[in-house]
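Trainee: Just passing along the structure, written as structure tokens.
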Amino acid sequence: MTVKVLIPTPLQKFTSGEASVECDAENINALVEALEANFSGIKARLCDENGKLRRFLNFYVNEEDIRFLENQDTELSDGDEISIVPAVAGG
Amino acid sequence: MVQATLSTARSALKGLRCRECGETYDLAAKHVCEDVCFGPLEVDYDYDYIKQVVSRETIEAGPNSIWRYRAFLPVETDNVIDVGTGMTPLLQANRLAKRLGLKKLYIKNDAVNMPTLSFKDRVVSVALSRARELGFSTVSCASTGNLANSTAAIAAHAGLDCCVFIPSDLEAGKVLGTVVYNPTVMAVKGNYDQVNRLCSEVANSHGWGFVNINLRPYYSEGSKTLGYEVIEQLGWELPDHVVAPLASGSLFTKIHKGFNEFVKTGLVEEKPVRFSGAQAEGCSPISQAFKEGRDFITPVKPNTIAKSIAIGNPADGIYALEQARKTNGNIEDVTDAEIIEGIKLLAETEGIFTETAGGTTIAVLKKLVEAGKIGRDETTVAFITGNGLKTQESMAGATSAPLLIEPKLASFEQALEQSHSL
């Protein structure tokens, strides 16, 4: 599955400044590994020591928060767009 | 760029620090710990210094606004925006107390805060003062209504350009209370969480000061002034129990921080204060986590008339949860019908017309007292954060219509008799 990932500004130093990258992954867990394979060091920023996505990062697949889907097991399809957005805002 | 006047006094501000991992940052327009864990950044103060320069007397001699607590607020210059925000009444609510069966109940009434009749004027006065210091010429926000009112009004006063983002389905009073100041208003087809996410993306690209995004560490500190004022208005004492609405959870945690700071700097004697939070059942992610004993928040899609607190994905939710548990408080939610009853109860007993968020707070206060979760002898403060004239739609059909009469004595007498027999 080839998906498009939107990278937030603080993580663009891992992607040579690219705001959007393409990846092959069947679910969110695999996506994190695929990103790490292409952009070494990015996984430690996306996940905590236990490999869980950091609680202050929100992941969206085609505009839907993955917590309304299957969290890290959320399956991806060709052409999906995944956004990674820092969570602390608003109120 | 607006030139700021540098303060002659040394500032108590040390820097920004991540609440989660402790990483430190400069005092810039930055709200997340982007080098490590993406946790929220908070302003770090030198409390020893504050303790040296502040006393009850210096505070009492200050302006009749939030700026009497300036030493505790995240600004570095004397050039603050003071539009008379804060120092709202702390009303002893004897009739409501009697109705509920409490001995001592106070209402902190930010329904009459200045200039736009909600607690948001506190956070915006601080955020825009800081925005000016940081050189921003355009300010912005993601709002459920009250914040947009406040940002637009105070930006107008300060001569800052303003662009605000709101969900497109807000109450007419909230919309008019923004557009009248003539900012650019983006009415987003979506709920608040979607507005917020859009703004998080815009904040990085336009060089604007978003009060509740990149200026959030400064902005949120404004809510501490609610805590300071309550202490001062209680005669330099802490209450026993606090009941406040929960949207993002920020207000709730900052009232607590305000109390702690006054203890830490010797301005008030320490004692345990219980913190209880109020949510609408149709948007109760923090209440659900509290009741289920979870230490994480599962976001929800809001469906309630309490639009001003309808945040399904609350940024400070986990901290509010932790605080209610640690202080032996509770988090409770109420239905839309109970919210309307809460609005009417406060109006009929105390003469305060609050909006849906305030109705939520009063309804939860009632529910907690009835459940024995607030003791009869506890000195309790309920925080009313917004004004009922802004959410008139919610009261449709909930109140009786005026008696329409002819300009004649007989018509009056007849109507009066009918009203008595109702």
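The values are calculated or read from the model by the stated rules, or taken from the named source; none is laboratory data. It should be emphasised that the depicted structure is a prediction, and the values quoted were computed from it without experimental measurement. Heads up, the Cβs are rebuilt from the backbone with ideal geometry, glycines too, and the neighbour counts pull from every protein chain shown.
Trainee: Looking at the range B:103-117, which of the residues that are out of contact with any Leu (no Cβ under 8 Å at 6 or more places or on another chain) and under 29 Å from B:VAL369 (Cβ atoms) is surrounded by the most Cβ atoms within 10 Å (Cβ to Cβ)?
Mentor: First, pick out the residues of the range B:103-117 that are out of contact with any Leu (no Cβ under 8 Å at 6 or more places or on another chain): B:103-104, B:112-116.
Then keep just the ones that are under 29 Å from B:VAL369 (Cβ atoms); that gives B:103-104, B:112-113.
Details: B:LYS103: 13, B:LYS104: 18, B:VAL112: 12, B:ASN113: 27.
Going through the qualifying residues, I end up with B:ASN113.
Trainee: If we only count helices (runs of 4 or more DSSP H) wholly inside the range B:193-269, which ones have 1 or more residues that are more than 23 Å from B:LEU147 (Cα to Cα)?
Mentor: Those helices (runs of 4 or more DSSP H) span B:224-233, B:250-264.
Trainee: A follow-up question, please. Being away from chain A (no Cβ under 13 Å), in contact (Cβ under 8 Å) with a residue 12 or more places away in the chain and either farther than 17 Å from A:ASP65 by Cβ or buried (at least 24 other Cβ atoms within 10 Å of the Cβ) (or both) is the filter here; which residues of the range B:285-311 pass it?
Mentor: B:SER287, B:PHE290, B:LYS291, B:THR304, B:ILE305, B:ALA306, B:LYS307
Trainee: Any chance you could count how many residues in the range B:324-353 are outside any helix (DSSP H, G or I) and touching a Ser or Thr at 6+ places or on another chain (Cβ under 8 Å)?
Mentor: Of the residues in the range B:324-353, the ones outside any helix (DSSP H, G or I) are B:327-335, B:351-353.
From what's left, touching a Ser or Thr at 6+ places or on another chain (Cβ under 8 Å): B:329-334.
Residues in the range B:324-353 being outside any helix (DSSP H, G or I) and touching a Ser or Thr at 6+ places or on another chain (Cβ under 8 Å): 6 in total.
Trainee: Next question, about the same structure. Would you confirm whether or not the range B:340-352 contains a residue that is out of contact with any Lys or Arg (no Cβ under 7 Å at 6 or more places or on another chain), more than 30 Å from B:GLU393 (Cβ to Cβ) and surrounded by 18 or more Cβ atoms within 10 Å (Cβ to Cβ)?
Mentor: no
Trainee: When you go through A:LYS4, A:LYS43 one by one, which is the residue that is surrounded by fewer than 19 Cβ atoms within 10 Å (Cβ to Cβ), basic (Lys, Arg), away from chain B (no Cβ under 12 Å) and under 25 Å from B:ASP295 (Cα atoms)?
Mentor: So the residue among A:LYS4, A:LYS43 that is surrounded by fewer than 19 Cβ atoms within 10 Å (Cβ to Cβ), basic (Lys, Arg), away from chain B (no Cβ under 12 Å) and under 25 Å from B:ASP295 (Cα atoms) is A:LYS43.
Trainee: With respect to B:THR178, is the statement that it is crowded, with 24+ Cβ neighbours inside 10 Å, hydroxyl-bearing (Ser, Thr, Tyr), more than 16 Å from the chain's Cα centre (by Cα) and over 30 Å from B:LEU105 (Cα atoms) true?
Mentor: Yes: the conditions hold for B:THR178.
Trainee: Give the range A:54-64 a look and list any residue that's facing chain B (nearest Cβ under 10 Å) and either touching a strand residue (DSSP E or B) at 6+ places or on another chain (Cβ under 9 Å) or buried (at least 19 other Cβ atoms within 10 Å of the Cβ) (or both), or say none.
Mentor: Selection gives A:ARG54, A:PHE56, A:LEU57, A:ASN58, A:TYR60, A:GLU63.
Trainee: With respect to A:ALA89, is the statement that it is buried (at least 18 other Cβ atoms within 10 Å of the Cβ) and away from chain B (no Cβ under 13 Å) true?
Mentor: No.
Yes or no, residue by residue, for (1) modelled with pLDDT of 95 or more; (2) farther than 23 Å from B:ARG216 by Cβ; (3) more than 14 Å from chain A (Cβ to nearest Cβ); (4) over 18 Å from the mean Cα position of the chain (by Cα):
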site: B:GLU229; (1), (2), (3), (4): yes, no, yes, no
site: B:LEU238; (1), (2), (3), (4): yes, yes, yes, yes
site: B:LEU246; (1), (2), (3), (4): yes, no, no, no
site: B:LEU251; (1), (2), (3), (4): yes, no, no, no
